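**Q** Please find one structure pasted underneath; my questions will follow.
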């Protein structure tokens, strides 16, 4: 029996840390083996002897003809010195031998699924299961796989057409993370509920805006000299997209440029309101923030910060140090400036 090309075997291993793919594979196996009725699925919690797990596999339910036994995660099975183990199975090797013996003579009405972040491929158990086609991969997707996956997922799950440009943009914004990509697809489907397709414009409007907002949240924390907050938002952006470290440098440099320009206009004795109009500073809270920092740092201070940021950018482009660490150092240095209260725009001269 197959599920989306998957052969159902008495003992199966799902190997890899990609949680979304693991869940999908377990669901596919369940649907193929148990059908719509999933009452025959038994999930095993970590702990206990391997013999107890295999006894569960050998016992058919009273009201169900088939049983699917799922161990996720399954790494605990192969750790040494587990509570409840007897001498025969006190090591990971012994556990594998017991599971191998079961796989060679499995219960006819049970499928056992072991899901692991990592799986030892040098054992007799691996070789036996691999020969039977019973080991499935749940690895993080390659960047080149994401676009086709989005197009296929949009149609198969959400009944929406999605062209390559829209899929490519969503992949660029979110990165190779199936769970987050699927979440964005669901939101885009709701956003365009009356539309047959997910378009590039929809992706830019919905997902691009979220990324832009997170970058501004990061900059706002920098402006408030909130080092912990800026570091946390920096980490969030990198989790969304590892390449965001380069995007952040550009965004912060542009922001510092606004602060420098505001300082130059303050030195010319222009009113706050006129500076805000000339530099197109918006919204008002961010305009107040920029003017406050321009007063606090002075032109020399802003230029020094811009120089340090350029050094971070140059280091990243020349592989000098770790880009993430370099940016974190810059955040701490910039936030070392004592925080200042935000002044309202009054139109007063500096």
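The values are calculated or read from the model by the stated rules, or taken from the named source; none is laboratory data. Worth saying up front: this structure is predicted, and the values here are computed from it rather than measured. Positions of Cβ are backbone-derived with ideal geometry, glycine not excepted, and every protein chain shown enters the neighbour counts.
**Q** Does residue 189 fit the bill of being assigned by TED's automatic domain parsing to the domain that holds residue 106, in contact with a helix residue (DSSP H, G or I) (Cβ under 7 Å, 6 or more places away or on another chain) and surrounded by 12 or more Cβ atoms within 10 Å (Cβ to Cβ)?
**A** No, not satisfied.
**Q** Just give me the residues in the range 256-287 being outside any helix (DSSP H, G or I), surrounded by 13 or more Cβ atoms within 10 Å (Cβ to Cβ) and modelled with pLDDT of 90 or more, in sequence order.
**A** 270, 271
**Q** Give 174, 143 a once-over and let me know the one that is over 27 Å from residue 46 (Cα atoms) and surrounded by fewer than 20 Cβ atoms within 10 Å (Cβ to Cβ).
**A** Step by step, each of 174, 143 is checked, and only 143 is over 27 Å from residue 46 (Cα atoms) and surrounded by fewer than 20 Cβ atoms within 10 Å (Cβ to Cβ).
**Q** Residues in the range 146-159: is at least one modelled with pLDDT under 90, assigned to a loop (DSSP other than H, G, I, E, B) and either over 29 Å from residue 9 (Cα atoms) or not assigned by TED's automatic domain parsing to the domain that holds residue 8 (or both)?
**A** No: the range 146-159 contains no residue that is modelled with pLDDT under 90, assigned to a loop (DSSP other than H, G, I, E, B) and either over 29 Å from residue 9 (Cα atoms) or not assigned by TED's automatic domain parsing to the domain that holds residue 8 (or both).
**Q** Here's something else I'd like to know. Looking only at residues that are touching a helix residue (DSSP H, G or I) at 6+ places or on another chain (Cβ under 7 Å), free of Cβ contacts under 8 Å to residues at least 40 places away in the same chain and outside any helix (DSSP H, G or I) in the range 160-186, which one is nearest to residue 139 (Cα to Cα)?
**A** Residue satisfying both the conditions and the ranking: 176.
**Q** With the checklist (1) touching a strand residue (DSSP E or B) at 6+ places or on another chain (Cβ under 8 Å); (2) touching a residue at least 40 places away in the same chain (Cβ under 8 Å) in hand, flag the one item residue 120 doesn't pass.
**A** Checking residue 120 against (1) touching a strand residue (DSSP E or B) at 6+ places or on another chain (Cβ under 8 Å); (2) touching a residue at least 40 places away in the same chain (Cβ under 8 Å), the one that fails is (1).
**Q** State the number of residues belonging to the range 256-313 that are within 36 Å of the chain's Cα centre (by Cα), touching a residue at least 60 places away in the same chain (Cβ under 8 Å) and over 15 Å from residue 334 (Cβ atoms).
**A** Total satisfying the criteria: 2.
**Q** Looking at the range 7-17, is at least one residue in a helix (DSSP H, G or I) and touching a residue at least 40 places away in the same chain (Cβ under 8 Å)?
**A** No, the range 7-17 has no match at all.
**Q** Considering only residues of the range 84-97 that are under 17 Å from residue 44 (Cα atoms) and more than 36 Å from the chain's Cα centre (by Cα), which is modelled with the lowest pLDDT?
**A** Here the residue is 84.
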